[in-house]
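Below is one structure, written out as C-alpha cells, with a few remarks after it.
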Amino acid sequence: YISVEVTPSVGDFPGELNAPDSAAEACDIGIWPSVATHSTPAPTDSAIVHVVAVDFAACGNQNFSYSRGRETSAGVFLFSSPAVTADSSDDISIIAVASRKSGKVALLYNRQKDWTAPPNDADIWYIESKTYGREWVNGFGNSGGDTAINVTKYQAGDPVRASGVLGAVYDEEDSLHIVWVAPLYSSGAVASECLIYHWSKATGIDQVAD
C-alpha cells in the first residue's frame, strides 16, 4: 500500500492506495517496494506515482515488478494492472527515482551479466524513461526508453563487483547520479571490505570512499 500527499509539504495524505505489486507470472506478493513520484503539466496526467517491488516469479530468481499510477482526481490514482516485469536478479535491489525538472524517471538495480555467472558477479543497471514512464506500462525491452543499460560492465579481472546497496538522484541539471557499494570480489566470492562508487554520464565512474 502507498499514500500520496495531495499538497506538497502539508501532510494531507488521503489514505492508502492498493498498488499492483506483482506481475502476472509471480507466485507470491511483491515485497521490498520503492516509490517515486512526480508531476506532469496539467491536464495530461497531473501527479504520477511509480511503484517497483520484488516478486518471486516461479519461486526462483526474483523478478522486479513495475506499476504506474496517474492521478484522476485529488488523491485518487488509476494504476496499470497487473504490474509488468522490468528485469530479474538474484539480489533484492531495485529502486525508482524521478526528476523534479522533467519527465525522466529511472529504475536502478544490480544483476548478473547472465544467469550462468555466480550471483555475486553483478553489475549496476538502469532503465530510464523521458516520458514519465508511459512506455513502461506495456512492458520492457521493446525500445530505447525501456531497455536496461549496464553502467559498470565489470570484467573478469576487476577486483570489485556491485552489491544491491545503491542509491540515485536527479540533480538540478536534470542528470542522473548513481552511487553503490562494491565489495572486493574473487572467483565468485565477496569480502566484507567494500568501496563506494559514483556514476553520472558527465563524469563516468569514480571511487568516492573506501
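Taking ALA189, ALA162, ALA122 in turn, the Gaussian network model of the chain (Cα-Cα springs below 10 Å) assigns the largest fluctuation to ALA189.
Residues considered: ILE92, ILE196, ILE127. Largest GNM mean-square fluctuation over the chain, using C-alpha springs under 10 Å, is found at ILE196.
What residue among SER129, SER200, SER99 shows peak mean-square fluctuation when the chain is described by a Gaussian network model with Cα springs under 10 Å? Residue with maximal mean-square fluctuation among SER129, SER200, SER99: SER200.
The chymotrypsin sites (Phe, Trp or Tyr not before Pro) found in the range 49-140 that occupy coil by DSSP, while having at most 12 further C-beta atoms within 10 Å, are TRP115.
Three semi-axes describe the equivalent ellipsoid of the range 53-173; taken as square roots of 5 times the Cα gyration tensor eigenvalues and ordered largest first, they are 27, 18, 12 Å.
Compared with the alpha-carbon gap, the fully stretched path from THR7 to THR203 is longer by 67.0 nm at 0.36 nm per residue.
Computed on the chain, the Cα convex hull volume stands at 134 Å³ per residue. Compactness of the range 103-210 was expressed as the Cα radius of gyration divided by 2.2 N^0.38 Å, which yields 1.12. Which one, VAL179, THR131, TYR66, is farthest towards the positive end of the dipole of the chain when Lys and Arg carry +1 and Asp and Glu -1 on their Cβ? Final value for the positive-end residue is THR131. So which GluC sites (Glu not before Pro) in the range 162-210 end up in coil per DSSP with only 14 or fewer other C-beta atoms within 10 Å? Those that pass, being in a loop and sparsely packed, are GLU172, GLU173.
Among the trypsin sites (Lys or Arg not before Pro) within the range 115-210, those in coil by DSSP and having at most 13 neighbouring Cβ atoms inside 10 Å are LYS153, LYS201.
Rule-based calculations on the coordinates, nothing more; no lab input. Keep in mind the model is a prediction, meaning the values are calculated, not measured. Cβ sites come from the backbone with ideal geometry, for glycine too, and all protein chains shown count toward neighbours.
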